[in-house]
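Working notes for the structure below.
Please treat every number below as a calculation from the coordinates, not as lab data. In this text, all values refer to a predicted model and were calculated from it rather than measured experimentally. Reconstructed Cβ throughout: ideal geometry from the backbone, glycine too, with neighbour counts over all protein chains shown.
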Amino acid sequence: MKNKSLVSITDYSKEDILSVLKKIEQFEANPNQRILKGKVVATLFFEPSTRTRLSFETAVNRLGGRVIGFSDAATSSSVKGETLRDTIIMVCNYADLIIMRHHLDGAARYASEVCSVPVINAGDGSNQHPSQTMLDLYSIYKTQGTLENLTITMVGDLKYGRTVHSLLMAMSHFNPVFHFIAPKELEMPFFYKELCHKLGITYYEHSDFSEEVINQSDILYMTRVQKERFTDEMDYEKVKNVYILRNKMLENSKPNLRVLHPLPRVNEIAMDVDNNPKAYYFQQAKNGVYTRQAIMCLALGIDI
Ligand code: CP
């Protein structure tokens, strides 16, 4: 794979995805190396983050590189009116790679077009979160032993949740069956359902979060209702507690079922699920470090 930005998961072919998974495995076995020595990585977070920013920064530190950037746009010159274009052109003067999260759909694509160094999209609005998708794929691969022919149930905010959009596109290479569980207001956008139709992927839509669907699933992918994407607080109040996974709901689930969540969780997974061996969301977040090591090395053209 040549040096390149990662803006959408569609920037990776199926072969790219499989090749990255192998590299993630290598980094998990050996996460402390000096292969980014002399490299400067900029993390530009125009939106809040815990896992994505800290796992990227941990990944750089463990590989001997250095990090510059901001975690709060209010401390950057964007508050003085500097455009995203000017900010990106400036940061290209300082860094070898840019990791960017922004509230606007398409902001990362735009940054990659004005930037002379690779850009990794760390989440743009409700559009895409491809590094999350790679760590989700790695978590699925690690727990299921394959990505092929799995039944994936996505629950919660399927409208605004960028992680489910990226994951659907990535899993489309691997003959999945999807169950989409969402209230009407937060259902999977038409674009993604149409994509399933075009690719011949089976999907079912439900408004009930039933054990019947859980019991058919290999992966139960829970999501938070994305409060920050609602323009009307009342609309958020109506759906915020719509689905809560409780431990007893997993009693008759398949032995290989794993519960994933990109996190942060609010209340959509009850705390009593955390000690169930099928709960995998904290390990999933840990896989983010190795995943981001692999993605950054590929973007920089560093072979391992
Ligand atoms: N999963 C994820 O993107 O988490 P953060 O918002 O904490 O980065």
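Listing for the model above:
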| item | result |
| --- | --- |
| Mean-position separation - Cα centroids, the stretch 28-65 and the stretch 165-201, in angstrom | 31 |
| Two-site FRET efficiency, D105 against R246, from Cβ-Cβ distance with R₀ of 30 Å, rounded to 0.05 | 0.35 |
| Shape of the stretch 178-294, Cα gyration tensor, a/c cut at 1.5 | rounded |
| D_trans [Stokes-Einstein, Kirkwood Rh over alpha-carbon pairs] for the chain, 25 °C, 0.890 mPa s, µm² s⁻¹ | 124 |
| Cα-based shape type of the stretch 97-192, given that a ≥ b ≥ c are square roots of the gyration tensor eigenvalues and the cut on a/c is 1.5 | oblate |
| Which of L63, V225, S172, positive extreme of dipole for the chain (C-beta unit charges) | L63 |
| Dipole magnitude (debye, nearest 20) for the stretch 166-304, charges at Cβ of Lys, Arg, Asp, Glu | 380 |
| Three-way shape label, the stretch 1-62, alpha-carbon gyration tensor, a/c 1.5 | oblate |
| For the chain, calculated [θ]222 nm from helices alone, where every DSSP H run of n ≥ 4 adds -39500 (n - 2.57) | -11000 deg cm²/dmol |
| Lysine pair count for the stretch 1-131 [Cα-Cα under 24 Å; pairs on different chains or 8 or more apart] | 16 |
| Fraction of beta bridges assigned by DSSP in the stretch 1-148 that are antiparallel (%, nearest 5) | 5 |
| Candidate lysines for bridging to K240, where Cα separation is under 25 Å - those fewer than 8 sequence places away on the same chain excluded | K159, K184, K193, K227, K248, K278 |
| DSSP beta bridges in the chain [antiparallel fraction, %, rounded to 5] | 5 |
